[in-house]
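K.L.:
What follows is a structure written as structure tokens; I'll ask about it next.
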Amino acid sequence: MFSCRDFCLHFKIPLIYRYSCVSAQGWIANVRGGSISSQGKHIKSSCSLVAFNTDQAVCPSSLSFPVPDLVTDLDFSPFDDYLLATCSADETVKLWRVCDLDQDQPSNAEVTLSAADGRLEIVLFHPVASGLLAVASARGVQVWDVTRDTALTGKHTPSAFIPTTITALNTRFSLVFNYFKCSLQPYSDANLHLCLQMRQQEVRLWDSRKLSSSLIKQQTDSFALHVMGFHGFSVVCKPDLSLSLSVSHCLTDVSTRGVALVPKLALDVSCCEVLRLMQLTDNFIVPISYQVPRKDFHADLYPDTVGHTPAMTAEDWWKGENKQVLTSSGLVMGNSMDSPSSKFRHIQGAVLHRDTHITNLRGLHLTTPGECDGFCANDQRVAVPLAIAGGQIAVFELSQPGKLPDTALPTIQNSVNVADFCWDPFDTHKLVVAGDDAKIRVWQIPKGGLTETLTEPERVLRGHTEKIYSIKFHPHASGLLASSSYDLTVRLWNLDTGEEVKRLCGHQDQIFGMAWSPDGKLLATVCKDGKVRLYDPRKSTLPVQEGPGPEGQRGARVVWVCDGKYLLVSGFDSRSERQLYLFSAESLASGSVASAPADVSPSTLIPFYDPDTSVLILTGKGDTRVYIYEIVPEAPYFMECSSFHSSEPHKGLCFLPKAECDVCDVEVARAIRLGKTTIEPVAFRVPRVKKEFFQDDVFPETAVWWEAALTAAAWLSGSNGQHRKISLRPKDMMPVSEAPKEAPVRKYLPSSVYLEEKTDEQKKEELLSAMVAKLGNREDPLPQESYEGVDEDEWAKYLAQIIVMGAQVVGRAFARALRQEFAASQAAAEARGGAGRQSAAASSFTGMTLQEAQQILNISTLTPEEIQKNYEHLFKVNDKAVGGSFYLQSKVARAKERLDEELSIQQQHQSKPPDQQQQT
């Protein structure tokens, strides 16, 4: 059994292919293994991708990269599954950033290194330092720092390179040596390397500190070499330095072009898989899984393995530092059968129907400040900034989807650039906008939406002395607003009076983000000075708690999780990689209690947390991926769920109240997605079988946070309020917890049914029944049905004779049935005449049958007017500009061509005289 949850990448032409390995069905067919000759590897695997040389890009669902010359070697970064290095005969090394299949692949390499050292044969990432790459040719070896596009070393002769790595001279099997060297390291000293000497047909073990002679060698005969080429073999290094060879079962009957070792972190420990290889043949990639027969998880099989975090940079390595990559038990925790899993792990995100979209957006402001979410929405309308002088904001009604006119729209003229803006959670018509002029403007949107441009705000708040970062409404008190500014203060405002009511101090640098606690008592902030602070505004203007935050200074966001027990901060680490941190709200000074890596991207992950389900949804401006986690108050804290991927980068997501979710479809969250030219609703659903019942385990009573619990004046005087809660269960749905228990149904018949031996008489009876059923399907009466005067005894005699005749009778009956079926088919073809033959020829020529064409254009009666009308409508609505695709348009065009051809055939047939129609 194999379990590969990822997708593959294929090479000479580098390609990408998604697969799922389950027994023999997991073989990847039609790969056309490359026939090139090089010292490099023909196939390489990371935890998520497999790259290999191929002669033709013939794999379905595959993608290729524009490599100008022959790819001689390739290697994945040990710290980034999607970073691929290739070297080629054109003396260049290229680094490719591979994207998911549903994303546009890069047309050019991310980095190109010009080694100019003849034909390059081998490229190899450093196992410890990030961005360090070794390149070898027939002339020597160079070491490159890819982050600076600089060669750290000059050319070394091959003899100078031998003390570091042993290179197998045989081209066909040098790849196998590299993988076996890696597999030996966990069992022996790191200085021991395995080398295959094909000319002498032997395997040798070398100590890199003493290369004058090998430590031990193992002779192999021609059959052993044949076994490795055809069947695969494994090597075990024992403490006494003895080698033992074990041959696996036969896999294929064709030659092997290469073998790649899948990293340990990608193994399926639930079935005790200890090793997985990807075997490249002429036409297949065969996953080979090595498993230990155990019933339960055994930690002795899975010691801590090397993680994905580099130990140092290329510059540190060049200065002489020596470190080891930290080991991680993530292999066990991530795949252990005993580890907890989220009930939302299969959550699915889907963009709703095109009829709900707002399209043809123009002039969007795509470069809003990092502290701004980019746009905001409530259950009635969406506000988006426009790239027009004067800080203009457009407001669109969600109840009025469709294509926007090309003419100018009424907007809100803010008069200055917009820094941040948000809707009042308790008033869907009130929009608050913070500007670069340190002022906050309050706008009132009329019922029904904007019909004319607004130039005068309802109220202007003045107090900050410099540009404002962000604004946040209080979760319970109406009219209470918090704002952060470049003047390093956080101020609280009463919108009812327009006055500043509190001023919080203590920040030493830019304030990245802030968030109110679920009970509305505390305010948390995360700052560029690397601190997370907690304020109790009604008691003190200084922070009541302070602790270390993210090390990176590119941006951060903060949100309360787990009923206010923890603070989650999304930010960057010291290497500018996106990270998630979890802090205890009771002890910020102790640092984060857990963290989870995300990826490398310049935009800050914007979090949304659903307190009902503890689901955390994050994405960044310009991203195509939406991360989803379930946050739990104890280890492992972060429980990763399925991600949602969009085809194009988005400006961001804004989530709507829980009441907007379709609970009948188990929709746990509804968001508005802002694209480059569209506004699209996105539904996040949990797949369930019994959708006829209300899923009360994922829909507890929810807080009505869109209704205020108290006023700003009451909160400032010391009062606290809580939202009332409501049930989302429809009246006509029964909770799944109260559903009647169904008796277990056996999915398969007991094995005794299949193993029971049948007698000859039973077999004859089954054959006879099958024959009678076949003949009974004929509408024409059988000849024996016209016989009269035959009594029951005589029929019994005939039936007994049939049973005795057995297989002969059955064979003859089936032959007669086939002849009758053939005769009926010929009669039907003659009835259709020449028109039918011409129609069949047209179907063969166009590749589409008449029925398919009618279904595509939704036409029952063939008339030129209806065909043209439906064609124009479907071709227009499937235009790429309105969310369609060229593929759908081509289908519509082909369907019209097929129906036009059918009309032409019918007209030609009708225009012939009756005698000619009969002749044809």
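K.L.:
How large are Rg and Dmax for the range 614-751 when calculated on the C-alpha trace, in angstrom?
P.N.:
Calculated on Cα positions, Rg and Dmax stand at 19.6, 75 Å.
K.L.:
Residue by residue through the range 487-496, what is 3J(HN,Hα) from phi via Karplus (6.51 cos²θ - 1.76 cosθ + 1.60, θ = phi - 60°)? Round to whole Hz and write x for glycine and proline.
P.N.:
7, 6, 10, 10, 10, 9, 10, 9, 5, 5
K.L.:
Listed here are the pairs Lys210/Lys264; Lys676/Lys876; Lys403/Lys880; which of them are more than 19 Å apart at the Cα?
P.N.:
Long pairs (Cα-Cα over 19 Å): Lys210/Lys264; Lys676/Lys876.
K.L.:
Keeping every protein chain in place, order Cys505, Cys562 by accessible area at 1.4 Å, biggest value first, i.e. largest first.
P.N.:
Cys505, Cys562
K.L.:
Report the full-extension gain for the segment Trp705 to Arg354: residue separation times 0.36 nm, less the Cα-Cα distance, to one decimal in nm.
P.N.:
Contour length minus Cα-Cα distance gives 123.4 nm.
K.L.:
Summing +1 for each Lys or Arg and -1 for each Asp or Glu, what net charge is found among the other residues whose Cβ lies under 10 Å from the Cβ of Val544? If you can, show how the numbers build up before the last one.
P.N.:
Values: positive: Arg533, Lys539; negative: Asp536, Glu546.
Here the charged neighbours net out to 0.
K.L.:
Rounding to the nearest 20 debye, state how big the charge dipole of the range 348-703 is about its Cα centre with +1 on each Lys and Arg Cβ and -1 on each Asp and Glu Cβ.
P.N.:
For this selection, approximately 580 debye.
K.L.:
FRET efficiency for Ala389 and Ser540, Cβ-Cβ distance as r, R0 = 45 Å, nearest 0.05?
P.N.:
Given R0 = 45 Å and the Cβ-Cβ separation, E is 0.60.
K.L.:
Ordering Leu888, Leu534, Leu366 by how much accessible area each has at a 1.4 Å probe, largest first, what is the list?
P.N.:
Sorted by accessible area, descending: Leu366, Leu888, Leu534.
K.L.:
With unit charges on the beta carbons (Lys and Arg positive, Asp and Glu negative) and the dipole taken about the Cα centre of the range 348-703, which residue among Tyr627, Val682, Ser484 sits farthest to the positive side?
P.N.:
Comparing the listed Cα positions along the dipole, Ser484 ranks first.
K.L.:
Can you tell me the Rg and Dmax of the range 514-600, counting just the alpha carbons, in angstroms?
P.N.:
Using the Cα atoms of the range 514-600, the pair Rg, Dmax is 12.3, 40 Å.
K.L.:
Ignoring everything but the protein chains, give the 1.4 Å probe accessible area of Val71 in square angstrom, nearest 10.
P.N.:
For Val71, solvent-accessible area is about 0 Å².
K.L.:
What percent of all Cα-Cα pairs in the range 348-703 falls into each 10 Å bin, going from 0 up to the bin containing the maximum distance?
P.N.:
Over the range 348-703, the share of Cα pairs per 10 Å bin runs 5, 25, 35, 26, 8, 1 percent.
K.L.:
How many nm is it between the label spots at Lys731 and Gln400, if each spot is 7 Å from the Cα in line with the beta carbon?
P.N.:
3.3 nm
K.L.:
Now for a different question. List the residues, sorted by chain then number, that are 5 or more residues from Leu275 or on another chain and whose placed amide H is less than 5 Å from its amide H.
P.N.:
Tyr290
K.L.:
For a Förster distance of 41 Å, can you work out the FRET efficiency between the beta-carbons of Arg688 and Gln291, rounded to the nearest 0.05?
P.N.:
After rounding to 0.05, the efficiency reads 0.80.
K.L.:
Rounded to the nearest Å, what's the spacing between the alpha carbon centres of the range 510-537 and the range 865-907? Just the number, please.
P.N.:
57 Å
K.L.:
Okay, moving on. Just by accessible area at a 1.4 angstrom probe, what is the order of Glu499, Glu742, Glu707 from largest to smallest?
P.N.:
Order by accessible area, largest first: Glu742, Glu499, Glu707.
K.L.:
With a 1.4 Å probe and every protein chain left in place, work out the accessible area per residue of the range 348-703 in Å², rounded to a whole number.
P.N.:
Averaged over the residues of the range 348-703, the accessible area is 38 Å².
K.L.:
Among the listed pairs Lys502/Lys539; Lys467/Lys528; Lys472/Lys725; Lys447/Lys651; Lys658/Lys725, which have their C-alpha atoms separated by more than 19 angstrom in this model?
P.N.:
Lys472/Lys725; Lys447/Lys651
K.L.:
Residue separation times 0.36 nm, minus the C-alpha to C-alpha distance between Gln906 and Ser587: what's the value?
P.N.:
Separation in residues times 0.36 nm, less the Cα-Cα distance, equals 106.5 nm.
K.L.:
Ignoring ligands, DNA and RNA, what percent of the 1.4 Å accessible area of the range 635-685 is carbon and sulfur?
P.N.:
45 percent
K.L.:
Calculate the dipole size of the range 316-474 relative to its Cα centre from +1 charges on Lys and Arg beta carbons and -1 charges on Asp and Glu beta carbons; express the result in debye to the nearest 20.
P.N.:
Computed about the Cα centre, the dipole is about 200 debye.
K.L.:
What is the Rg over Rh value, at two decimals, for the range 405-480, using alpha-carbon atoms and the Kirkwood definition of Rh?
P.N.:
Computed over Cα atoms, the ratio is 0.98.
K.L.:
If you don't mind, there's one more thing I want to ask. Can you give me the solvent accessible area of Glu701 with a 1.4 Å probe, rounded to the nearest 10 Å²?
P.N.:
It works out to around 110 Å².
K.L.:
Here is a follow-up. When the chain is fully extended, how far beyond the present Cα-Cα distance does Lys741 get from Val274, taking 0.36 nm per residue of separation?
P.N.:
164.1 nm
K.L.:
Based on alpha-carbon centroids, what's the gap between the range 670-693 and the range 377-417 in Å, whole number please?
P.N.:
23 Å
The values are calculated or read from the model by the stated rules, or taken from the named source; none is laboratory data. Computed from a predicted model, the values in this text were never measured in an experiment. Cβ sites come from the backbone with ideal geometry, for glycine too, and all protein chains shown count toward neighbours. Remember, those area values only see protein heavy atoms, side chains included, never the ligands or the DNA or RNA. Shrake-Rupley method; radii C 1.70, N 1.55, O 1.52, S 1.80 Å.
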